[in-house]
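The values are calculated or read from the model by the stated rules, or taken from the named source; none is laboratory data. Worth saying up front: this structure is predicted, and the values here are computed from it rather than measured. All Cβ positions, even for glycine, are placed from backbone atoms using ideal geometry, and neighbour counts span all protein chains on display. Surface areas here come from the heavy atoms of the whole protein model, side chains and all, with no ligands, DNA or RNA. Shrake-Rupley method; radii C 1.70, N 1.55, O 1.52, S 1.80 Å.
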Amino acid sequence: TNLKLRFPTVHECNQNHKFPPVRRLKGNFNMADIKKLKTVGICTVKGIQMTTRKALCNIKGLSEAKVEKIKEAAGKMLNVGFQTAFEYSAKRKQVFHITTGSQEFELRFPYNFRTGKTQLSHTFCVTAQLPGEDGYSGGKVVFIDTENTFRPDRLRDIADRFNVDHDAVLDNVLYARAYTSEHQMELLDFVAAKFHEEGGIIDSIMALFRVDFSGRGELAERQQKLAQMLSRLQKISEEYNVAVFVTNQMTADPGAGMTFQADPKKPIGGHILAHASTTRISLRKGRGEMRIAKIFDSPDMPENEATFAISGGGVTDAKE
């Protein structure tokens, strides 16, 4: 078969409404400003949203005032706030799927589970809506996604397990994709100002901080920004009486080898993240679909371990 493929022309790219070019920014911007953005690889309006103010200010010729106007103009053109999981599910239908060439492979491995933190987040999205003890009638969920791991189809699978309506579950989850640590903080402010929800999930809280701040030279600034975000989360939790669930990542600890630790890994974020969390649980992979959860730190629960499994219906009890 002769495949005739070609790259889109510049004109076709400029007419693409899914990826509006930076030249469409509305405001007091001249071609010199647009050219400065393009010289560092920022060619679309979405590219502006994916770049921190600090990085934009480092572009030669762009002042802080100009950067603020560029960010404001880009925010007006794009919906970078919250949408329901049902609305996001419709957008996910536009995602292209490239075949591996093996139907057996694709049918057997539709999902890739590791330690289970994202699967736990998806399960909470459904279980938080179910009526519970002490008169809890169930509530809505805010999901802030920093790693592009949220999948509405997983919520449908989990909803089937609990015999609840798909569309109702998706409508009760407010989803937002955070592109930078600054954007993540703005989304929290939006939550505090507009919604009185019963649950909040951030998966994963440190991912964008690791990208936006690099090296020891920026460590102090990173930890300060992280502390501000965690303080905001704590205040939202106490002010509106909501549960907050955040996931985090592990990193290798180079100094652990000197102390002969069995597991030379530690959670990232340092003491600031550790002290801001009420209960911390570490997850690790077991055999097959088995996972082990261990209470790492808690003010009211002793150190303990539990096993669980990950299935198509979310997090379930482990079968011996």
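In the stretch 118-161, the qualifying residues are those that are under 16 Å from Val246 (Cα atoms) and acidic (Asp, Glu), and the one that is surrounded by the fewest Cβ atoms within 10 Å (Cβ to Cβ) is Glu147.
The requirement of being modelled with pLDDT of 75 or more, open to solvent by less than 30 Å² (accessible area, probe 1.4 Å) and either within 21 Å of the chain's Cα centre (by Cα) or more than 30 Å from Ala55 (Cα to Cα) (or both) is satisfied by Leu233.
Which one of Val164, Val169 is within 16 Å of Gly199 (Cα to Cα), in the same structural domain as Leu233 (by the TED database) and at pLDDT 85 or above? Before the answer, list the steps.
Values: Val164 fails: within 16 Å of Gly199 (Cα to Cα).
Sole residue among the options that is within 16 Å of Gly199 (Cα to Cα), in the same structural domain as Leu233 (by the TED database) and at pLDDT 85 or above: Val169.
Tell me which residues, restricted to the stretch 112-166, are of a type in the set (Ser, Thr, Tyr) and under 16 Å from Gly313 (Cβ atoms). Within the stretch 112-166, Thr118, Ser121, Thr123, Thr127 qualify.
Applying the selection to the stretch 162-180, what residues are part of a helix (DSSP H, G or I) and open to solvent by less than 10 Å² (accessible area, probe 1.4 Å)? So that I can check it myself, show each step before the final result.
First, the residues of the stretch 162-180 that are part of a helix (DSSP H, G or I): 166-171.
Matches in the stretch 162-180: Val169, Leu170.
Inside the stretch 47-97, can you point out the residues that are basic (Lys, Arg), at pLDDT 85 or above and either part of a helix (DSSP H, G or I) or surrounded by 16 or more Cβ atoms within 10 Å (Cβ to Cβ) (or both)? Show your work before the answer.
We begin by selecting, within the stretch 47-97, every residue basic (Lys, Arg); these are 53-54, 60, 66, 69, 71, 76, 91-93.
When the remaining residues are screened for being at pLDDT 85 or above, the result is 53-54, 60, 66, 69, 71.
Within the stretch 47-97, Arg53, Lys54, Lys66, Lys69, Lys71 meet the criteria.
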